[in-house]
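The values are calculated or read from the model by the stated rules, or taken from the named source; none is laboratory data. These figures come from a predicted structure and were not determined experimentally. Every residue, glycine as well, gets a Cβ built from its backbone with ideal geometry; the counts of neighbours run over all protein chains shown. Protein only, heavy atoms only, side chains kept; ligands, DNA and RNA dropped before computing areas. Shrake-Rupley method; radii C 1.70, N 1.55, O 1.52, S 1.80 Å.
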Amino acid sequence: MVREQIHALSLKGLHDLSDLRFLLSLEDPDEIRYLAELASNVKNEHLSNKVHLRGLIEFSNLCSKDCLYCGIRKSNKKPLRFQLRQQEIIDAATFAFNNRYGSIVLQSGERSDREFTGFVCDVVRNIKSVTDGKLGITLSCGEQTRETYRNFFKAGAHRYLLRIETSDRELYSKLHPNNAHHSFETRLRCLEWLKETGYQVGTGVMVGLPFQTIDHLAADLLFIKSLDADMVGLGPYIEHSQTPLFKQREFLWPEQFRLSMTLKMIAILRIMMKDINIASATALQAIDGFGREKALKFGANIIMPSLTPKEHRKEYLLYEDKPCLDEDREECRACLEMRVKMVGDEIEYNSWGDSPHYTYRNL
Ligand code: 5AD
């Protein structure tokens, strides 16, 4: 009975909050498995069983922001602040290129000073040049001016990730300091600028935040759809003891519930937006050793193996219990290959893995 209802909704298209609320509230394991099966079918039909890799280079944890949930927020004095040297970043990118990853993500804390934005442009330009323009580059460096986004794009970045974190203004204000440097409006404006610049744009939310409800998550799905995002990265919120939001931990959903809610979000999104790229967030693996593989089964098609030098990984903890802190790049690559095969998917090497959604959007 419920299975038929799920099936009918998936065919009808998911535009109503009440339908999304219904799907997000599923708790019976058989029903959730059925939802995953539908999402998997959509993925196979529109994108085949190919998984694309994005080598993740977390190149700096210096941050001017003070987001209340994030372990590298400016006011946290614990992490040793670092910025990789140009050559270290190029070495990591070269590893990705030589291992046929096709694409990398350069991620950092948020800074908007000229020294930083100029550095990012140089790095992007140099990576493009040493790889003959063949390595795809995604940036994830937070809110910037329209001009900076244009400069990054001109330098050779073609995708940009900027999570909205939550699409609910009021909840956003509970997760960020109440000042102009942490404004929901600015975040929205940045997403618009990224689109108009010509990037493939990615956004996403955290799932299981304090004060967050199923209604918020249903609205998040509609927000992502209305933004017409090309890529989505969404993962469970994981509390960090050196952040102000840690105080609210007693109000959190249990971790397993956050995990299954994240998986349901991924499956529903795959049914709603059939041809976008959906990343299987590393945070999933912090809760469940096979969290990322489960996400593939629920419709995700992107995995981001870490290429951050081992000695800096422990200083880039956005959340605690981050997995694979002591694995080197080579181990990480071999382990992934095996894990992806295990769920019946296949890694597509040597390709940028652009979302068909972006291609059609620009025809
Ligand atoms: N738990 C899970 N995800 C987090 N992020 C930041 N802090 C946490 C946390 N405590 C996510 C945010 C950000 C992305 C880079 O990492 O969504 O956009």
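Of the residues in the range 316-339, at least one is open to solvent by less than 60 Å² (accessible area, probe 1.4 Å), in contact with a strand residue (DSSP E or B) (Cβ under 7 Å, 6 or more places away or on another chain), more than 18 Å from A39 (Cα to Cα) and part of a loop (DSSP other than H, G, I, E, B). Checked against (1) open to solvent by less than 20 Å² (accessible area, probe 1.4 Å); (2) touching a Ser or Thr at 6+ places or on another chain (Cβ under 8 Å); (3) under 14 Å from L24 (Cα atoms), T262 passes all but a single condition, namely (2).
Taking the range 340-349 as the range and being open to solvent by 40 Å² or more (accessible area, probe 1.4 Å), in a helix (DSSP H, G or I) and in contact (Cβ under 8 Å) with a residue 40 or more places away in the chain as the test, only M342 passes. Each residue in the range 213-232 was checked for being open to solvent by 10 Å² or more (accessible area, probe 1.4 Å) and of a type outside the set (V, I, T), and 10 pass. Look at the range 310-331: where a residue is at pLDDT below 85 and a partner is within 10 Å of the ligand (Cβ to nearest atom) and polar (S, T, N, Q), sitting 6+ places away or on another chain with Cβ atoms under 9 Å, you get K322/T282; P323/T282; C324/T282.
Looking at the range 57-93, which of the residues that are assigned to a loop (DSSP other than H, G, I, E, B), hydroxyl-bearing (S, T, Y) and away from the ligand (no atom under 11 Å from the Cβ) is nearest to T131 (Cα to Cα)? Step by step, filter the range 57-93, then rank; the result is S64.
For the range 224-242, a residue qualifies if it is assigned to a loop (DSSP other than H, G, I, E, B), aliphatic (A, V, I, L, M) and near the ligand (Cβ under 10 Å from one of its atoms), and exactly one does: I238. Are any of the residues in the range 288-296 crowded, with 16+ Cβ neighbours inside 10 Å, touching a strand residue (DSSP E or B) at 6+ places or on another chain (Cβ under 7 Å), within 20 Å of R258 (Cβ to Cβ) and touching a residue at least 40 places away in the same chain (Cβ under 8 Å)? Yes: one or more hits. Among residues belonging to the range 1-48 that are over 22 Å from G344 (Cβ atoms), part of a helix (DSSP H, G or I) and among the small types (G, A, S), point out the one that is nearest to the chain's Cα centre (by Cα). Within the range 1-48, the match that is nearest to the chain's Cα centre (by Cα) is S18. Considering (1) in a strand (DSSP E or B); (2) surrounded by fewer than 24 Cβ atoms within 10 Å (Cβ to Cβ), the lone condition that A279 does not fulfil carries the number (2).
Across the range 207-223, the number of residues qualifying as of a type in the set (V, I, T) and within 16 Å of the ligand (Cβ to nearest atom) comes to 1. Of the residues making up the range 252-289, those that are within 15 Å of the ligand (Cβ to nearest atom), in contact with a Pro (Cβ under 9 Å, 6 or more places away or on another chain) and more than 22 Å from F22 (Cα to Cα) are A281, T282, A283, L284, Q285, A286, I287.
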